[in-house]
């Protein structure tokens, strides 16, 4: 496989696993800001919808599905555009800088959806705000930053860089979950969203400004639409067979995760009757141990041991962890079993993200980041939450919250997700060894 050296990182540094300090700072700030925003969107948009608009899991599944489709289309279209950009600032920087600023503003604006009446209009506005936020977030993070990380790394150091980015993901989620309980209890959701939106804006501004890149010397060939449509031709798909097999495994894994993940806090607070502070502490401890402490060591292991064995072990570990979590009831046991499914989640994410980046075509990294989102986000985040929402309403516990009828999800979601996770191993076994 060709060694894709970054434009601004000398080959000697890349091979010796080093990256310039300014580049590390930019990646850390942008990665952290993006994961703050995604952490809020992935859980607290859902709980806000449930607590302040309507206590029904189905609108949550609609919002998650609409956001997933928006993210995928945005990443493919804007990623392709960033591949072809030859601006004075570079290819990715304009998308990073302006995308993060709009992302922060729209994150802060989301709770205003609850002001609309009747409830159906409020649901529609919440979905609209989520999709607008997702457009700018996917432009900045999923398309531009994802491609930029691939631009400035190679096969020798990519695993550890992805490991650091995954560590930032868990740190951001830990801050979101750990800070959410006290802030929401003291000030309600609105101040919480304003604080997160402001942080995303400031960190995105500084990190985007620190990004440095030089556009490729080679001129752009063909038109935007030719590049976009060429990726869907059979010869392109066949020539990237291994890439799409890895993506199929990623999609099956993510489908299983999305059966339960949008409803995780709802399950903890309404089925297990944990206080908001308790559920935040549970998730925070599990993330600290299973995510933050494990991310960098797993990244090193992925570089040294290989992508495939780490990913396959993660599949087995995730199934066991989710099944044990589903039968746990006490705070201590829930925390332990939460760690048991978070460690495999960390390992899987680092291994498969690194593996897929290894297989990006060099001249289409932004566009192929969109294909990654198609399999990682769009397909599983449509099918997974709809499956979870159906299970939660068909086999859930009927309830009334704030005068409105709804359903409480049960442990069945975690059990179905655990068994479904096993399917992710089969496409990976078909990838050719190199």
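Brief remarks follow.
- In summary, residue 358 fulfils each of the numbered conditions (1) closer than 19 Å to residue 263 by Cα; (2) more than 15 Å from the chain's Cα centre (by Cα) with the single exception of condition (1).
- Between 406, 396, the distinction of being farther than 26 Å from residue 324 by Cα, buried (at least 21 other Cβ atoms within 10 Å of the Cβ) and touching a strand residue (DSSP E or B) at 6+ places or on another chain (Cβ under 6 Å) belongs to 406 only.
- Being over 30 Å from residue 54 (Cα atoms) and in a helix (DSSP H, G or I) is a condition met by no residue of the range 390-407.
- In this entry, residue 146 passes the filter for residues that are over 15 Å from residue 196 (Cβ atoms) and surrounded by 19 or more Cβ atoms within 10 Å (Cβ to Cβ).
- Checking 250, 266 one by one, the residue that is crowded, with 21+ Cβ neighbours inside 10 Å and touching a strand residue (DSSP E or B) at 6+ places or on another chain (Cβ under 9 Å) is 266 and no other.
- The condition (being outside any helix (DSSP H, G or I) and in contact with a helix residue (DSSP H, G or I) (Cβ under 9 Å, 6 or more places away or on another chain)) is satisfied by just one residue among 169, 153: 153.
- Residue within the range 318-335 that is within 26 Å of residue 433 (Cα to Cα) and buried (at least 19 other Cβ atoms within 10 Å of the Cβ) present: yes
- Qualifying residues in the range 237-267 (those that are closer than 21 Å to residue 364 by Cα and over 20 Å from the mean Cα position of the chain (by Cα)) - the one modelled with the highest pLDDT: 242
- Checklist (1) over 14 Å from residue 44 (Cβ atoms); (2) at pLDDT 85 or above applied to residue 195, failing item: (1)
- Pairs are defined by a Cβ separation below 9 Å, a sequence spacing of at least 6 or placement on different chains, a first member in the range 168-195 that is without any contact (Cβ under 8 Å) to a residue 60 or more places away in the chain and at positive phi, and a second member that is in a helix (DSSP H, G or I) and buried (at least 21 other Cβ atoms within 10 Å of the Cβ); the pairs so defined are 188/111.
- Test: residue in the range 233-245 that is under 22 Å from residue 67 (Cα atoms) and assigned to a helix (DSSP H, G or I): no
- Apart from one condition, residue 421 fits all of (1) in a helix (DSSP H, G or I); (2) more than 20 Å from the chain's Cα centre (by Cα); the exception is (2).
- Residue in the range 214-229 that is outside any helix (DSSP H, G or I), over 22 Å from residue 35 (Cα atoms), touching a strand residue (DSSP E or B) at 6+ places or on another chain (Cβ under 9 Å) and touching a residue at least 40 places away in the same chain (Cβ under 8 Å) present: yes
- Answer residue from the range 210-236, given it is exposed (fewer than 13 other Cβ atoms within 10 Å of the Cβ) and at pLDDT below 80 and is nearest to residue 72 (Cα to Cα) among those: 232
- In the range 272-389, counting only helices (runs of 4 or more DSSP H) that sit wholly within it, the ones holding 3 or more residues that are under 30 Å from residue 156 (Cα atoms) and either in contact (Cβ under 8 Å) with a residue 40 or more places away in the chain or out of contact with any strand residue (DSSP E or B) (no Cβ under 9 Å at 6 or more places or on another chain) (or both) span 293-305, 307-326, 331-358, 365-373.
The values are calculated or read from the model by the stated rules, or taken from the named source; none is laboratory data. Nothing here was measured: the structure is a model prediction, and the numbers come from that model. With ideal geometry, Cβ positions are generated from the backbone for all residues, glycine too; neighbour counts draw on all protein chains shown.
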